[in-house]
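The values are calculated or read from the model by the stated rules, or taken from the named source; none is laboratory data. Every value quoted in this text rests on a predicted model; they were computed, and no experiment measured them. A quick note on method: Cβ atoms are made from the backbone with ideal geometry, for glycine too, and the neighbour counts reach across all protein chains shown. Each accessible area value is taken on the protein alone, full model and side chains, heavy atoms only, with ligands, DNA and RNA left out. Shrake-Rupley method; radii C 1.70, N 1.55, O 1.52, S 1.80 Å.
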Amino acid sequence: KAALKYLMFLKEKRCGKIKGRGCADGRKQRVYKSKEETSSPTISIEALFLTCLVDAIEGRHIITCDIPGAFMQADMDELIHVKLEGEIAELLVKIDPTYKQFITYEHGKMVIYAELTKALYGTVQAALLFWKNLSAFLTELGFEANPYDSCVMNKMINGKQCTIGWHVDDLKLSHVEEAVVEDIVSKLQERYGKEAPLTVTRGKVHDYLGMTIDFSKPGKVRFAMREYVKGVIVETPEELLKGHASSPAANHLFEVNENAEKLDKDKSVKFHHLVAKLLYLCKRTRPDIQLAVSFLTTRVKSPDVDDWKKLGRCLTYLRDHPDLDLTLEADTMSVIKWWVDASFAVHQDYKRHTGASMSMGKGSPINISSKQKINTHSSTEAELVGVNNAMALILWVRHFLEGQCFTVMDNIVFQDNQSTMLLAKNGRQSSGKK
């Protein structure tokens with residue numbers, strides 16, 4: 001009864017290849033497995049952008065690679081059985097007739113029970129077990145983790161830094177010397193490529209974590225998700241793509257009509273689905289739609305016809321401007337600049353809205369657009385809360401770059417409210433009775 005069902009899926013990859021994916025149905029494990037036992041770290045999108053920026057500035061050679069059957073490279077940490085039934089069991093016996101001795105029948109279906117020795121995809125702890133395995137291997141090679149992102153590891157080789165960042169089984173390696181990254185790939189191949197070779201990509205353009213990352217121009221890195229944008233537009237109902245849009249949102253974005261007609265169930269589901277797709281996009285390569293998406297995410301529980309039109313405008317803007325890529329450059333890695341602003345009482349419940357953007361030269365790798373959680377009495381207070389909302393990332397970026405062995409001379413926050421600046425600098429000394 002505790003055995004996990006074995007499932008098999010076919011998936012078409014973005015390159016057009018058909019991939020078979022076998023996995024366990026790990027839902028039964030959620031009853032007794034805690035979050036600490038199952039949550040696996042992955043490289044944060046902010047860390048990825050910053051490391052790519054460093055790669056571009058230093059002119060590093062970059063290799064991305066995929067470890068095949070990654071989870072099967074790690075040993076299972078508990079006794080788990082899987083249940084192969086029906087067509088899966090029949091195919092297994094066809095491939096290897098020695099499995100016939102383990103066949104039983106349940107409700108007329110052929111069934112084979114097997115004990116897991118490896119961390120199978122779908123078991124809730126599989127990703128964590130592989131992360132521990134890969135981290136231990138890289139540590140053996142002399143790499144040390146950045147204290148502020150445990151999926152970014154560094155090692156000084158020939159007087160220059162070598163950086164490895166990874167998201168589950170997708171790795172990005174960089175060093176100024178090509179021979180160094182090739183040597184590490186060969187070691188990874190030796191360790192993890194025994195069953196099937198690693199999928200390795202070299203050169204200036206990489207398809208990584210759903211993004212096209214282009215290092216073709218010296219000192220610059222460009223991130224694009226054009227195919228993803230096309231896919232979202234294809235999924236969009238025709239009624240939403242009317243006319244043209246020069247911006248993702250109009251001035252009345254935050255206005256809510258309580259008497260507006262609510263969307264029916266099918267449209268509500270479609271609304272939620274498209275907003276979730278746009279959220280994924282805006283946190284990566286399209287920060288220009290982040291404000292509109294930030295508002296739309298607050299409306300997914302009970303969207304109305306006005307929200308439907310606002311979503312349509314954002315999608316129409318995307319359709320009209322599909323090729324706006326995110327290009328990043330840095331003048332120096334020792335000066336970080338942040339711009340933080342807040343809009344006072346713009347939401348229906350009089351809450352304020354925070355916007356923040358970070359840059360080290362040209363382009364903005366990290367952006368924030370969010371509704372403030374608390375009410376404030378004045379624009380000064382709203383600006384102060386806005387800086388506070390951004391402060392976690394403002395400090396994290398500094399610490400992360402210092403963890404990458406850069407010396408940060410200045411971490412500047414730009415503000416446009418003098419009273420807020422005095423409060424931020426002096427605290428209670430600049431605070432009146434209000």
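Structure notes:
- Overall form of the stretch 170-217 per C-alpha gyration tensor (a/c, 1.5; a/b vs b/c): oblate
- Placing +1 on the Cβ of every Lys and Arg and -1 on the Cβ of every Asp and Glu, with no other charges, gives the stretch 38-179 a dipole of roughly 120 debye about its Cα centre.
- Of the accessible area of the stretch 87-188, computed with a 1.4 Å probe over protein heavy atoms only, carbon and sulfur atoms account for 55 percent.
- Cα gyration tensor shape of the stretch 299-434, rounded if a/c is under 1.5, else prolate or oblate by comparing a/b with b/c: oblate
- Summing charges over neighbours of residue 110, with a neighbour being any other residue whose Cβ is under 12 Å away from its Cβ, gives 0 when K and R count +1 and D and E count -1.
- Total lysine pairs under 27 Å (Cα atoms) in the stretch 175-233, excluding pairs fewer than 8 apart on one chain: 6
- Cβ-based net charge around residue 226, under 13 Å, with every Lys or Arg adding one and every Asp or Glu removing one: +1
- The Cβ shell under 14 Å around residue 204 holds other residues with a net charge of +2, Lys and Arg each +1, Asp and Glu each -1.
- Separation in nanometres of the label points that stand 7 Å from Cα toward Cβ, at residue 335 and residue 434: 3.4 nm
- Label selected from [x] 21, 48, 28, 3, 0; [y] 26, 60, 14, 0; [z] 25, 57, 18, 0, the criterion being P(r) over Cα pairs in 20 Å bins from 0, in percent as computed here: [x]
- Ligands, DNA and RNA aside, residue 430 has an accessible area near 50 Å² when probed at 1.4 Å.
- Basic side chains Lys and Arg get +1 at the Cβ, acidic Asp and Glu get -1 at the Cβ, and with that the dipole of the stretch 241-375 about its Cα centre reaches some 340 debye.
- By accessible area with a 1.4 Å probe, ligands and nucleic acids excluded, highest first: order of 402, 115, 381: 115, 402, 381
- The lysines whose alpha-carbon is closer than 20 Å to the alpha-carbon of residue 301, local same-chain residues fewer than 8 away aside, are 262, 265, 267, 270, 277, 309, 310, 351, 371, 373.
- Cross-link partners of residue 13 among aspartates and glutamates (Cα-Cα below 13 Å; sequence separation of 8 or more within a chain): 207, 227
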